[in-house]
Amino acid sequence: MEIVVIDYGLGNLTSVYNALKYIGAKAKISSLPGDIKKSGKLVLPGVGSFQDSVIGLKKRDIFGLIKDLMLRGKPYLGICLGLQILFEKSQEGKMGGFGIFKGNVKRFSEKNNIKVPHIGWNSVKVAPKPQSFSIMDGIENDSYFYFDHSYYPAPEDKNIIAATTDYGVEFPSAIHKDNIYAVQFHPERSQKLGLRLLENFVKL
């Protein structure tokens, strides 16, 4: 079945779509509720602000639909903002997220002698979990992926943390529970390893 890359007016949709097509996935970019309902899997990329992403989804009348489909078991991959929006709220704006997971999204503190935003390559350490983080299969621990963000998730339930990265603070760089997968880094900009991650998601 087709993977729908959700269009909500923000984000690097074309690069994610092109990466999926490159690995042979059947994919399309769409904001139509009918396409989203019929999809086999959903990918929500994001570049921009938390608040603007929520507004964009609600403006297209697909915010509630996407949340409902996730709760009903449709495979979902969130990228960058697509991860952050899974939580209840963010320090970036006043709009609430999907609230699939309890927790906040926080801004990096420049007091830790780091530059904000966090841009560039950094290592991703897979966390020991009771359930396998299958989209990292075939990828060595501490491999490097490309990041571009100023905010990071702080989940209440530490069991959903699938991987961590150190940038002044150790933060969750991937989360996973059941059908929901999300990464703070950009697989579509992470060359060979990023394509492998996307391929693993397609094969779920």
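log10 I(q)/I(0), Debye, Cα-only the chain, no solvent, q = 0.11 Å⁻¹?
Relative scattering, expressed as log10 I(q)/I(0), comes to -0.44.
Can you compute 3J(HN,Hα) from phi for each residue in the range 26-43, using the Karplus curve 6.51 cos²θ - 1.76 cosθ + 1.60 with θ = phi - 60°, rounded to whole Hz and x for Gly and Pro?
In residue order, the calculated couplings are 8, 9, 8, 9, 7, 10, 7, x, x, 5, 5, 5, 7, 4, x, 8, 10, 10 Hz.
Suppose the chain between K38 and Q191 were pulled fully straight at 0.36 nm per residue; how much longer would it get relative to their current alpha carbon spacing?
Using 0.36 nm per residue and subtracting the Cα-Cα distance, I get 52.1 nm.
In the range 3-202, if the dipole is taken from +1 on Lys/Arg beta carbons and -1 on Asp/Glu beta carbons about the Cα centre, which of P33, S15, H186 is farthest to the positive end?
P33
Under 15 Å from the Cβ of F87, count the other residues' Cβ atoms, weight Lys and Arg +1, Asp and Glu -1, and hand me the total.
Net charge around F87: +4.
Taking +1 at the Cβ of each Lys and Arg and -1 at the Cβ of each Asp and Glu, which of N113, I66, F171 sits farthest along the dipole of the chain towards its positive end, judged by Cα position relative to the Cα centre?
I66
If you consider only alpha-carbon coordinates, what radius of gyration and Dmax does the range 26-113 have, in Å?
Expressed in Å, the Cα Rg and Dmax of the range 26-113 come to 13.7, 47.
Would you mind getting me the FRET efficiency between N104 and K59? Use the beta-carbon distance for r and R0 = 25 Å, nearest 0.05.
With R0 = 25 Å, the Cβ-Cβ based efficiency is 0.55.
From the cross-link list K38/K89; K94/K203; K37/K115, which pairs have alpha carbons spaced over 32 Å apart?
Listed pairs above 32 Å: K94/K203; K37/K115.
Is there a quick way to get the dipole size of the chain? I mean about its Cα centre, with the Cβ of Lys and Arg at +1 and of Asp and Glu at -1; what is the value in debye to the nearest 20?
For this selection, approximately 420 debye.
Can you show me the helix-derived [θ] at 222 nm for the chain, built from DSSP H runs with n ≥ 4 at -39,500 (n - 2.57) apiece and divided by the number of residues, rounded to the nearest 500.
-7000 deg cm²/dmol
Straight-line reach from K111: which aspartates and glutamates have a Cα under 18 Å away, not including same-chain ones fewer than 8 places off?
The reachable aspartates and glutamates, counting only those whose Cα sits under 18 Å from K111, are D166, E170.
Out of G99, S49, S123, whose Cα points farthest toward the positive end of the dipole of the chain (charges: +1 Lys, Arg; -1 Asp, Glu; placed on Cβ)?
Towards the positive end, the residue furthest out is G99.
Take every DSSP beta bridge whose two residues both sit in the chain, then give the antiparallel share in percent to the nearest 5.
Percent antiparallel among DSSP bridges in the chain is about 60.
Gain in length, S15 to E88, computed as 0.36 nm per residue apart minus the alpha-carbon separation, to one decimal in nm?
23.5 nm
What is the sum of charges around S53, taking Lys and Arg as +1, Asp and Glu as -1, for the other residues whose C-beta is under 14 Å from the C-beta of S53?
+3
No lab work stands behind these numbers, since they all come straight from the coordinates. This is a predicted model, so every value here is computed, not measured. Here Cβ is always computed from backbone atoms with ideal geometry, including for glycine, and neighbour counts include all displayed protein chains.
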